[in-house]
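A.B. asks: First, the structure itself, so that you have it in front of you.
The values are calculated or read from the model by the stated rules, or taken from the named source; none is laboratory data. Just so it is clear, the model here is predicted, and its values are computed rather than measured. Heads up, the Cβs are rebuilt from the backbone with ideal geometry, glycines too, and the neighbour counts pull from every protein chain shown. In case anyone asks, the SASA skips ligands and DNA or RNA and just uses the protein heavy atoms, side chains included. Shrake-Rupley method; radii C 1.70, N 1.55, O 1.52, S 1.80 Å.
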Amino acid sequence: MSAAAYDADVLIAGAGVAGLACGAALADAGFKVVVLERDALPGGRAASWPDLVTGDVVDIGPHVLTSEHRNFLALLRRCGTEGEVCWQSQPLITLLDAGRRIPVPGSRLPPPLHGLPALPKVLRCLGVRDLLSNARVAWHAARLDEERLQALDELDAMRYLRGLGVSDRSIEWFWTSATMALLNVPLQQCSAAALMRVFRLMQGRSGYCFGFPRIPLASLYAPGCRARIEAAGGRVMLRSPVARVHVRERRFQAFELEDGSLLHAPAAVLALPPQLLRNGFVTAPWPAASRAAHAFEPSRYVSVYLWLDRPVARENFWARAWATRDLHTDFYVLSNFRHEARGTLLACNSIHVRLAWEWSDDEIVQRTLQEVADFAPEAAQARLVHARVHRIPMAVPCPLPGTESARLPAETPFAGLWLAGDWTRTALPASMESAARSAALAAEGVAAALGRPLQLALPVPETTGVMALLRRLPASHRRLV
Ligand SMILES: Cc1cc2nc3c(=O)[nH]c(=O)nc-3n(C[C@H](O)[C@H](O)[C@H](O)COP(=O)(O)OP(=O)(O)OC[C@H]3O[C@@H](n4cnc5c(N)ncnc54)[C@H](O)[C@@H]3O)c2cc1C
């Protein structure tokens, strides 16, 4: 059946986490949903596919979940795959810093005491004076809330930290690596608001941990969402790009497909990357959307998969303290936790890639092997059975200064049209969790407009204990930069 002949309550453009999660939630509420996806595979930036040589299913690049991915975990519950995540409570993470392995312990102590178990290790790398240079930034972060964060958006994070007296060594050792790993952008190009949103939760919450999919990433959610959409009479149509969105008299009319056919429905969701919303994609003027389309620059990744002939590390993952000369930041031994992986399968991410984008696959693989061997010397003796290099034009949109205010809410100026996607206004950094939360917010909007209100979106985590008390101090007691 052609798309045009298919009659739906809700149309969704994009079958990434956001589009599929939104479709599944609406289908579960009894709506007939048609999802239109440009590519031959669902999953977008969280897709998986079989490697043609080994037959192993690999992801676009390795992903981690955190126990704070509340909306994404709710999606996995909906899909029946919540048990397919391998959680690691200890250590929180293993760092490779100047050739030393540093297991950073996780902690359930109430914040800020949860930092104590890691303190001796931090002091060995940083020194008391450099550690104390973070006191003002910690104090400011404790008193921020989502609303006050927005005031920092125009500042770059480097200027913000220096303005609060953070030492060069501390910036080099902690902030540079943390910003690259958590926000996928160099410190001097990061919005201070985006960085402080993450940091205030790191210092104001405890007991969090990382998790790794035991099955291919897309298998966690794509088949489950598709099954729910189809069970309610809808469908997911692959290789079906939406060419334009027709709007008349400030109301959604139809999706136009590449062959010029029009697909009508009472409601629609655009679950697309921000760059798609350039002028002309929606037939009516929408200045905020074209601002967003230009505000976000992509953070490029190179992800590498290596198949080795022997085990090289017992750790599930480690992170390398970031330095400009290095290629990768985070490394995962998938064969330690993935059901299907045979032999030793290792994957890693090179974040916000510049020069290495142009390197040959061979150069990238050789450099990757060296960096793996820096942590796991056994890798130097191992035989490389096979390698795969993925160049990913956008892993996430960069949280540049000013982009927090460019993030758009689920509601659009047009009746019947909603937005979803990791980059929309979710109060979360761009991630699978942000995509899942955006999906819940958009689905709530659609369901209410179609007369069947739903409550789906789970709140973002907040600081707890003493840190929550500090946050709630009356405004007159606070001074921000
Ligand atoms: C290598 C890598 C590592 C990452 N690591 C992590 C991690 O560890 N933890 C984490 O939480 N997140 C991570 N992310 C980010 C996470 O994958 C994304 O934030 C999330 O998948 C975004 O989902 P989305 O649905 O918002 O967007 P997308 O996945 O981009 O979905 C948009 C969909 O729209 C489709 N599309 C585009 N144009 C059209 C059109 N005209 N018509 C129809 N369809 C169209 C696209 O093909 C795509 O399928 C990582 C991403 C990458 C690439």
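A.B. asks: Taking the stretch 269-366, which trypsin sites (Lys or Arg not before Pro) meet the DSSP loop condition and have no more than 13 other C-beta atoms within 10 Å?
C.D. replies: Here the trypsin sites (Lys or Arg not before Pro) that fit, given the DSSP loop and packing criteria, are ARG278, ARG314, ARG325, ARG342, ARG354.
A.B. asks: Would you kindly work out the equivalent ellipsoid of the chain from its C-alpha gyration tensor and give its semi-axes, the square roots of five times the eigenvalues, largest first in whole Å?
C.D. replies: Values for the chain, descending: 36, 29, 20 Å.
A.B. asks: Normalise the Debye intensity by I(0) for the stretch 107-206, one equal point scatterer per Cα, no solvent, then take log10 at q = 0.23 Å⁻¹ and round to two decimals.
C.D. replies: The Debye formula, applied to the Cα set alone, gives -1.39.
A.B. asks: Identify the GluC sites (Glu not before Pro) of the stretch 218-278 meeting these criteria: DSSP loop state and at most 14 other C-beta atoms within 10 Å of the C-beta.
C.D. replies: Numbers: sites: GLU230, GLU249, GLU256, GLU258; in loops: GLU249, GLU258.
Counting only loop positions with at most 14 other Cβ atoms within 10 Å, the GluC sites (Glu not before Pro) in the stretch 218-278 are GLU249, GLU258.
A.B. asks: Skip the ligands, DNA and RNA, and give the accessible area per residue of the stretch 156-281 with a 1.4 Å probe, whole Å².
C.D. replies: Here the per-residue accessible area is 39 Å².
A.B. asks: If each Cα of the stretch 132-175 is one equal point scatterer, what is log10 of I(q)/I(0) from the Debye formula at q = 0.21 Å⁻¹?
C.D. replies: -0.70
A.B. asks: Then there is this: Between the stretch 144-214 and the stretch 340-406, what's the alpha-carbon centroid distance in Å?
C.D. replies: Measuring centre to centre over Cα atoms gives 23 Å.
A.B. asks: Sticking with this structure for a sec: In terms of solvent-accessible area of protein heavy atoms at a 1.4 angstrom probe, what is the ranking of GLU371, GLU315, highest value first?
C.D. replies: Final ranking, largest accessible area leading: GLU315, GLU371.
A.B. asks: Determine how many Å³ per residue the convex hull of the Cα atoms of the stretch 298-397 encloses.
C.D. replies: 99 Å³
A.B. asks: Rank these by accessible area, largest first, 1.4 Å probe: SER335, SER191.
C.D. replies: Descending order: SER335, SER191.
A.B. asks: Against the longest alpha carbon principal axis of the chain, how many degrees, from 0 to 90 and to the nearest 10, is the axis of helix 361-375 turned?
C.D. replies: For 361-375 against the chain, the angle is about 50 degrees.
A.B. asks: Using a Förster distance of 56 Å, how high is the FRET efficiency between ALA40 and ARG169, based on the Cβ-Cβ distance and rounded to 0.05? Walk me through the intermediate numbers first.
C.D. replies: Values: r = 49 Å, r/R0 = 0.87.
FRET efficiency, ALA40 to ARG169: 0.70.
A.B. asks: So, one more: Heavy atoms only, probe 1.4 Å: what % of the accessible area of the chain goes to carbon and sulfur, would you let me know?
C.D. replies: 54 percent
A.B. asks: Given the rule -39500 (n - 2.57) for each run of at least 4 DSSP H residues, summed and divided by the residues of the chain, what is its mean residue ellipticity at 222 nm, to the nearest 500 deg cm²/dmol?
C.D. replies: After summing the helix terms and dividing by residue count, I get -8000 deg cm²/dmol.
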